[in-house]
Each structure stands twice: as structure tokens, then as C-alpha cells.
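Heads up, the thing below is written out as C-alpha cells.
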Amino acid sequence: MGHSHSHSHTPGPTAGGQRRLWPMVVAVGLIGGYFVVELVTGILVNSLALIADAGHMLTDVVALVMGLIALLLGRHGRITDTRSFGWHRAEVFTAVANAVLLMGVAVFVLYEAVERIGNDPQVPGLTLIVVALVGLAVNIGVMFLLRADAKESIAVRGAYLEVLADAVGSVGVLIAGIVAMTTGWGYADIVVAVLIALWVVPRAVRLAVDALRILNQQAPAHVDVEALRADLAEIPTVDDVHDLHVWTLTTGMDVATVHLGSAQPNAEVLPAAQAVLARHGLEHATVQVDPDDGQRRCRDELTW
Ligand SMILES: [Zn+2]
């Protein structure tokens with residue numbers, strides 16, 4: 001009944017042979033190890049800035065591990081009949097988990113900061129400086145490790161950007177350490193902790209909004225659905241466009257389905273529709289051409 005699939009699978013960002021795994025493995029080891037050291041040190045010396053930065057590091061560890069798993073599964077796992085989308089959505093779930101984690105860390109740090117007001121906090125400045133310098137070294141090292149692969153893989157690029165952002169946290173801890181050591185003003189630790197916590201909130205919100213958009217099957221922001229509908233209606237013999245759905249499977253993979261009503265469907269309708277969809281960035285589309293009776297069925301019998 002006029003069903004057709006456009007099977008123009010364009011090579012994804014990770015296409016093109018075997019990815020190098022070892023940079024991601026080393027990155028997970030370095031960042032994971034540093035997270036443990038920073039958290040334990042933060043608890044031992046009672047530094048909220050270290051704990052806040054460690055909380056932020058934890059989300060990097062999650063992002064790196066997920067990126068590594070994505071690479072291990074050969075982008076997103078074997079496609080099967082029952083799992084026809086592989087594990088593409090896994091990175092969307094990870095994004096939600098990471099956003100919740102980041103917001104949890106922010107709330108915890110802000111609560112702790114308020115609790116510590118008036119307690120004349122004292123932190124060993126030198127310890128903060130040493131831990132921050134190690135953190136900077138780890139971040140810069142991992143950035144160099146991932147830089148080459150970040151250009152080709154979304155998973156690696158996400159991890160790379162996380163690590164880049166984390167270097168800023170290390171600089172904050174470094175400043176808190178220098179202030180505490182030179183002036184003895186222990187509140188620098190709390191001020192930096194609050195700044196790190198507040199700094200991750202917009203990122204967490206953006207991450208959550210992007211992921212929830214995808215989970216809600218909303219059209220990606222870069223696709224103008226109204227213009228797409230108008231362009232499809234322009235195709236010769238097409239007199240109706242209905243059941244148009246545009247959504248994102250996962251970052252960088254947009255999908256569409258549409259029914260085109262055409263009383264005299266000719267051989268050009270389908271290729272023309274696929275060309276219009278491709279022009280709007282939708283390479284993976286399923287198009288159905290409805291003859292007159294099919295249109296009536298869609299209109300009168302299907303309610304969604
Ligand atoms: Zn239809």
C-alpha cells in the first residue's frame with residue numbers, strides 16, 4: 001500500500017573503521033582515580049570546594065564510562081529484530097542521570113555551605129593547592145589523550161568537553177587554596193564550592209532539557225517542521241500531508257515518518273518526498289503514499 005523506506009544510511013560520526021579504545025580506557029582510569037583521591041581528601045580535610053569539585057568529577061566519570069561503553073559496543077550495539085534501534089537511546093538516559101547527579105551535587109553543596117556559615121571554616125591551603133595541581137595535570141593529560149578522537153566521535157567529544165569544563169573547577173580549588181594559605185581566610189573554600197555548584201546548574205538544566213526533548217519525541221530544534229510540511233505539499237499530485245512525525249533517536253540521528261495523500265501517485269512522488277526530507281536533514285525517513293481510500297482510513301479510523 002505504497003509503503004516505502006528511504007535507506008540512505010549516511011555514515012555516522014563514528015563510521016570509518018576501528019576506534020582506538022586505549023585513550024578512553026586511560027582517561028577513565030585517570031579521572032576515576034583522581035575522583036576518589038579528591039573526594040577522600042576533601043572529606044579528610046573538610047574542604048567543601050574539594051567535595052564539590054569531586055562531585056562534578058563523578059559526572060565526568062559517568063560520561064567517560066558511557067562513552068567507553070558506546071565505543072565498545074561499536075557505537076551503539078548490535079541491531080536485532082527485537083532491539084531494532086540498538087542501544088542508541090542509552091546516551092539519552094545517561095544525560096538524564098548525569099543532569100540529576102549534577103543537580104544533586106549542587107543542592108548538597110549549597111546546603112553544606114549554609115551549614116558551615118559562622119563556623120570559621122579552616123582548610124589546609126597547601127593541600128588544596130597540591131590536589132588542584134594534580135587535578136589540572138590529570139585534566140590536561142586527558143584532554144590531550146582524547147583530542148584527536150573527539151573530532152570524529154560524538155561519545156568521545158562529549159567526554160572531552162566534560163573534561164575541559166572540569167579544568168575550570170580545578171582552577172577554582174587552586175584559587176581557594178592560595179587564598180586560604182596566604183590570608184588564612186577559610187571562607188574562600190566555601191565561596192569556591194558555591195561557585196562550582198552554581199556553575200554546573202545551567203549545564204545540568206541544558207543537559208536535562210535536551211534529553212527530555214528527545215524522550216518526549218519532539219522535533220529537533222534545527223528542523224523547521226512547518227516549512228517541511230509546506231515543501232512536501234508542493235510535490236506534484238500530492239494534495240494532502242498528514243501523520244507527519246519528526247523526532248530524534250539520539251543526538252545526531254533524526255527520524256521522520258509521513259503520509260502523503262495523492263489521487264494519482266506517480267513514480268516521482270516517493271523520490272521527490274525523499275529529496276525534500278533529505279534537504280531538511282532527514283535522511284532516515286519512512287514515507288507512505290495514500291490513495292484516496294487510504295486517506296479516508298487515516299482520517300476517519302486512526303485517532304492518533
Ligand atoms: Zn495516511
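The values are calculated or read from the model by the stated rules, or taken from the named source; none is laboratory data. Everything numeric here is computed off the predicted structure, so don't read it as measured data. Here the Cβ positions follow ideal geometry from the backbone for every residue, glycine too, while neighbour counts run over all protein chains shown.
General remarks:
- Of all residues in the stretch 250-269, those that are away from the ligand (no atom under 16 Å from the Cβ), at pLDDT below 90 and in contact with a strand residue (DSSP E or B) (Cβ under 9 Å, 6 or more places away or on another chain) total 1.
- Evaluation of I31 against the conditions (1) surrounded by fewer than 20 Cβ atoms within 10 Å (Cβ to Cβ); (2) touching a residue at least 12 places away in the same chain (Cβ under 8 Å) shows that the sole unmet condition is (1).
- Within the stretch 270-282, none of the residues are under 36 Å from the mean Cα position of the chain (by Cα), part of a strand (DSSP E or B) and within 16 Å of the ligand (Cβ to nearest atom).
- Exactly one residue out of V61, V26, V36 is within 30 Å of A113 (Cβ to Cβ) and surrounded by fewer than 17 Cβ atoms within 10 Å (Cβ to Cβ), and it is V36.
- Flag if D210 is within 16 Å of the ligand (Cβ to nearest atom), surrounded by fewer than 19 Cβ atoms within 10 Å (Cβ to Cβ) and either farther than 30 Å from L128 by Cα or among the hydrophobic types (A, V, I, L, M, F, W, C) (or both): no
- In the stretch 289-304, the qualifying residues are those that are farther than 12 Å from T237 by Cα and among the hydrophobic types (A, V, I, L, M, F, W, C), and the one that is farthest from the ligand (Cβ to nearest atom) is W304.
- Residue within the stretch 75-87 that is in the same structural domain as V142 (by TED's automatic domain parsing) and touching a strand residue (DSSP E or B) at 6+ places or on another chain (Cβ under 7 Å) present: yes
- For the stretch 230-245, the set of residues classified as closer than 11 Å to L277 by Cβ and either without any contact (Cβ under 8 Å) to a residue 40 or more places away in the chain or within 12 Å of the ligand (Cβ to nearest atom) (or both) consists of L244 only.
- Residue in the stretch 213-225 that is acidic (D, E), out of contact with any strand residue (DSSP E or B) (no Cβ under 9 Å at 6 or more places or on another chain), within 11 Å of the ligand (Cβ to nearest atom) and not in a strand (DSSP E or B) present: no
- Some residue of the stretch 69-77 being surrounded by fewer than 21 Cβ atoms within 10 Å (Cβ to Cβ) and either at pLDDT 90 or above or of a type in the set (F, W, Y) (or both): no
- Cβ-Cβ contacts under 6 Å between residues 6 or more apart (or on different chains), taken from a first residue in the stretch 270-298 that is under 16 Å from V223 (Cβ atoms) to a second residue that is among the charged types (D, E, K, R) and more than 16 Å from the ligand (Cβ to nearest atom), are listed as V276/D231; L282/D254.
- Breaking point among (1) more than 9 Å from the ligand (Cβ to nearest atom); (2) closer than 13 Å to A233 by Cα; (3) not in a helix (DSSP H, G or I), for T286: (2)
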